[in-house]
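Presented below is the structure to which this report refers.
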């Protein structure tokens, strides 16, 4: 009997604690700055998108302060694990991507967390499409000629990426598989060195975000053959989509989504989601995101966002494993 009373007392205390946390979260949160962890170096697409959205969230949640904190390392796993294993109090979020949520789960034997169990999607910010880009010495100016060149010369040309299993690597592996061609992959430790070698023609083609290649396209140092996106990018309107260029059903692009630790109070998650949603309806924010070559996403509910990222996991983890890649 005493044991039963002790058990009921414990349950009652736990319920009161949970209720208190929920009430606190709903009424008092936030009482200090909210960190948005970017698991990559400053200046990249994820960093730029997160900073633009953070600025908008400050505007649409008066009194709240959202601070971007770059925590690069281990292909984005360092920052993602920091949040996934952190306190679920709504004060630390991570700007997740296709790589950190899905590709890395197929690439690393131990992420240090399970994205599906340890993180909750707060709000999708933008998709980040690529352009297929070549060095002008390759002598092609359109996608059909490029595909024909690769198929006629199996294994002759090199393509680069920011690392094994990154979204750029996976995107080009899928392209080569789709068109029935072969090329040599050269992985780099980040985009900076990759672009240096592309400009030097040490690798002949890559996929890259518009913000990385714009100036080089203007100078004629690189050639953009097609945009891997459903519609043309406003920042590169002269570049046709892959479908317009003759390649159907090739859709692979990264995305940026804010995640919180899985047990973050629902009231906090809902407020964060509302702030992201309001920010992405702001015309000035949308314009700034589009200038980075990204497509802002609004109108997704929390349930829609959760379904989206889980489908991406289900699509890409088996594909990365099938590629036979491993990183530790």
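Where a number appears in this text, it was derived from the coordinates with a stated rule and is not lab data. Everything numeric in this text was worked out from a predicted model, so none of it was measured. No Cβ is skipped: glycine too gets one built from the backbone with ideal geometry, and neighbour counts run over all protein chains shown.
Observations on the structure shown:
- Measuring nothing but how far apart in sequence close Cα pairs (under 8 Å, 6+ apart) lie, relative to its length, region 130-228 scores a relative contact order of 49 percent.
- In this simple spin-label model, placing a label point 7 Å from the Cα along the Cα-to-Cβ direction at both residue 284 and residue 117 gives a separation of 4.4 nm.
- For region 49-97 and region 242-280, distance of Cα centres in Å: 14
- Restricting attention to the chain, close to 60% of DSSP beta bridges with both partner residues there are antiparallel.
- Largest first, the three principal axis extents of the alpha carbons in region 136-183 are 27, 22, 18 Å in whole numbers.
- Between 0 and 90°, nearest 10: helix 266-280 axis offset from the chain longest Cα axis: 40
- Extension gain (nm, one decimal) between residue 197 and residue 219, 0.36 nm per residue minus Cα-Cα: 6.3 nm
- Distance-filtered residues of region 292-328 - backbone nitrogen under 16 Å, label point 7 angstrom along residue 109 Cα→Cβ: 321, 324-328
- Per-residue [θ]222 nm for the chain (sum of -39500 (n - 2.57) over DSSP H runs n ≥ 4, rounded to 500): -14000 deg cm²/dmol
- With both residues required to sit in region 130-228, DSSP beta bridges show an antiparallel share near 65%.
- The chain, relative contact order in percent, only Cα pairs under 8 angstrom and at least six apart counted: 27
- Net length available on complete extension from residue 263 to residue 28 is 82.8 nm, with 0.36 nm assigned per residue and the Cα-Cα distance removed.
- Gap separating the Cα centres of region 284-328 and region 112-134, nearest whole Å: 4
- Spherically averaged projected area in nm², based on the convex hull that wraps the Cα atoms of region 130-228: 5.4
- Against the chain, whose longest principal axis comes from its Cα atoms, helix 143-152 is set at around 70 degrees.
- Cα gyration tensor shape for region 243-299, rounded if a/c is under 1.5, else prolate or oblate: oblate
- With distances taken between every two different alpha-carbon atoms, region 180-328 has a Kirkwood hydrodynamic radius of 18.4 Å.
- Candidate values [x] 32, 22, 19; [y] 94, 26, 19; [z] 41, 22, 16, label of the one derived for semi-axes √(5λ) of the Cα gyration tensor in Å: [z]
- Relative contact order of region 23-168, pairs being alpha-carbon contacts under 8 Å that are 6 or more residues apart, as %: 24
- Highest-MSF residue in the chain out of 165, 123, 190 [GNM, Cα springs under 10 Å]: 190
- Degrees between helix 2-28 axis and first principal axis of the chain (Cα, 0 to 90, nearest 10): 60
- The GNM of the chain, with springs linking C-alpha atoms under 10 angstrom apart, assigns the highest mean-square fluctuation among 53, 94, 74 to 74.
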